[in-house]
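Visitor: Have a look at this one.
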Amino acid sequence: MDHSAHEHHDHHEHAGHEDHSGHPHHEDHAGHAAHDAKPSPASWGMAASATLHCLTGCAIGEVLGVVIGTALGWHGAATIALAIALAFVFGYALTMRGVMRAGLSFKDALKVALAADTISIAVMEIVDNAFILAIPGGMEMGVADPRFWLMLAAALAIAFVVTVPINRWLISRGKGHAVVHQHHRH
């Protein structure tokens, strides 16, 4: 009986003593709490939502670009250039609309959109246009060809998959759409 009581007493003595580094135990716990307080990586859901936002603007811009380019009789590089330009315009416009509702001026909203969407839209446009260019005869398909719409849908889907992890990385670093979320909170 005395032996077990002695062990119990020793246990309490060790719990109250400093550790081998000479620091009291409660300081170690405070250090761990500070370590745990660091920002956690962005969730995949948040990254997917940001990418879907960019995808919407890109899709609207690309479809309009191809339709306008076709109507004007443009082919190849000119149509792609117009589609990419309009993808950026609509991508930025969607972000600007959201942050202007939060009270930002047009100038400040444009700055937020440029910071939030430039990398995301650029990656998306590079990937989906590279996919279209890689398909034999892809550039010759007109808007009246059902294969064109299937090709565009596949290109955007691939671009989405590639861009999600990039957006997740940007958001975890406080960049990309993290900038937009900051303005929606204030």
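Readers should treat all values here as calculations from the given coordinates under stated rules, not as data from a laboratory. Keep in mind it's a predicted model, so treat the numbers as computed, not measured. Every residue, glycine as well, gets a Cβ built from its backbone with ideal geometry; the counts of neighbours run over all protein chains shown.
Visitor: In debye to the nearest 20, how big a dipole does region 44-185 give about its Cα centre with +1 on each Lys and Arg Cβ and -1 on each Asp and Glu Cβ?
Guide: Result for region 44-185 is approximately 660 debye, rounded to the nearest 20.
Visitor: Please compute the Cα-Cα pair-distance distribution of region 70-186 with 5 Å bins starting at 0, giving whole percents from short to long.
Guide: 2, 11, 18, 19, 17, 12, 10, 7, 3, 0
Visitor: Moving to a separate point now. Under a point spin-label approximation (7 Å from Cα along Cα-to-Cβ), what is the ILE158-GLU140 distance to one decimal in nm?
Guide: Each label point lies 7 Å from its Cα, and together they span 2.0 nm.
Visitor: So what J values fall out for region 93-108 if you push phi through Karplus, 6.51 cos²θ - 1.76 cosθ + 1.60 with θ = phi - 60°, rounded to Hz, Gly and Pro as x?
Guide: Taking θ as phi minus 60°, the curve returns 4, 5, 5, 4, 4, x, 6, 5, 5, 7, x, 7, 6, 4, 4, 5 Hz for region 93-108.
Visitor: Spelling out what I want: for every residue of region 126-136, take phi, set θ = phi - 60°, compute 6.51 cos²θ - 1.76 cosθ + 1.60 (Karplus), and round to whole Hz; glycine and proline get x.
Guide: The phi angles translate into 4, 5, 6, 6, 5, 5, 5, 5, 6, 7, x Hz.
Visitor: While we're on this one: Go ahead and run the numbers for FRET between THR118 and VAL67, Cβ-Cβ distance against an R0 of 25 Å, rounding to 0.05.
Guide: 0.50
Visitor: Quick check: net charge around ALA159, other residues with Cβ under 11 Å of its Cβ, Lys/Arg +1 and Asp/Glu -1? Write down the numbers at each step before the final one.
Guide: On the way: positive: none; negative: GLU62, GLU125, ASP128.
Neighbour charge sum, excluding ALA159 itself: -3.
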